[in-house]
């Protein structure tokens, strides 16, 4: 059976000013099934967002490729929508207009009434009917992120990509939006790939947690399956008998990566002479 999404042995190498290169990702190989929610987790600088951008078609791998439903990803497309941490809303357009912009671009052949119905449906789905005519600077951070999610879902993507979408929000707002995302994913059977640095968020949302090692040469260090049944709510997740073992596994991995980074930074720099065989 062919995987819904295949990340096929990708490397991403960046040239450095003055020569040399930086290997951000090395030999990333991962398959994701339709309807699966996968979280990418690791310390800052491990290449999580780079990997997400490659899947989105916003960046290209140096080696390897991305296969979505049997077709190679070469550029951005409406089959993949990204929700960023910074919302990416047009400040001069209202809630409705920001969502309609995506719908009008992807479905220009649909009658205006049908496009408006799609916009209204997604506004209602994220509970923003009361703010439909407000501009982004009149909205809270949580409301802006709901607009971004509604815009992404309005074009019915095959794959929803989320780049730490709740990272800038306060704890209460973040918790509310996490639960709303769970409900939306469950109802629409969405396939999601999400970047996070939060172990508890990953355990709440994910079917699998893919943990990346430190960069450079970041690779998949461990994959954790989350056996907590769906539908989920926060209390049931925390009370699940496997929760603390799973959380401890994540924290242990992250701590090991932190120690490895510290040791790398503290490693003495050997003199060049002896390595070259000089006296």
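I want to verify the translational diffusion coefficient of the chain in µm²/s; compute it with Stokes-Einstein, Rh as the Kirkwood radius over Cα pairs, at 4 °C and 1.567 mPa s.
Values: Rh = 20.4 Å.
The calculation lands on 63 µm²/s.
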Using eta = 0.890 mPa s and T = 25 °C, Stokes-Einstein with Kirkwood Rh from Cα pairs puts D for region 134-209, in µm² s⁻¹, at 188 µm²/s
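Counting DSSP beta bridges with both partners in region 155-246, what percentage is antiparallel, nearest 5?
Numbers: 5 of 10 bridges.
Percentage antiparallel, nearest 5: 50.
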For the Cα atoms of the chain, what angle does the longest principal axis make with the long axis of helix 95-106, in degrees from 0 to 90, nearest 10? 80 degrees
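In percent, how large is the relative contact order of the chain, given Cα pairs closer than 8 Å and 6 or more residues apart?
Numbers: 477 pairs, mean separation 66.8, N = 279.
In percent, rounded to a whole number, it is 24.
With Rg and the Kirkwood Rh both taken from Cα atoms, where does Rg over Rh land for region 38-177? It would help to have the intermediate numbers written out before the result.
Details: Rg = 15.9 Å, Rh = 16.1 Å.
Taking Rg over the Kirkwood Rh, I get 0.99.
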Strictly greater than 24 Å: what percent of every Cα pair in region 1-98 meets that? 32 percent
Computed FRET efficiency, Cβ-Cβ of residue 121 and residue 223, R0 35 Å: what is it to the nearest 0.05? 0.50
For region 191-255 and region 4-60, distance of Cα centres in Å: 18 Å
Rounded to the nearest 0.05, what FRET efficiency do residue 244 and residue 44 give with R0 = 35 Å and r taken as the Cβ-Cβ distance? Could you check? 0.90
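How much length would be gained if the chain were fully extended between residue 112 and residue 21, taking 0.36 nm per residue of separation minus their Cα-Cα distance, in nm to one decimal?
27.8 nm
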To the nearest 10 degrees, how steep is helix 171-188 against the longest Cα principal axis of the chain, on a 0 to 90 scale? 70 degrees
Overall dimensions of region 48-115 as given by Cα atoms, namely Rg and Dmax in Å: 14.9, 45
Dividing the convex hull volume of the alpha carbon atoms of region 84-156 by its residue count, what do you get in Å³ per residue? 80 Å³
State, to one decimal in nm², a quarter of the convex hull surface area for the C-alpha atoms of region 128-279, i.e. the direction-averaged projected area. 13.6 nm²
Tilt relative to the chain, helix 243-266 - C-alpha long axis, 0 to 90 degrees, to 10: 50 degrees
If you bin the C-alpha pair distances of region 201-245 every 5 Å from 0, what whole percents do you get? 5, 21, 27, 17, 12, 9, 6, 2
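A short reminder: the numbers here are calculations on the coordinates, not readings from a lab. Please read these numbers as outputs of a predicted model, since none were measured by experiment. Positions of Cβ are generated from backbone atoms using ideal geometry, with glycine treated the same way; all protein chains shown enter the neighbour counts.
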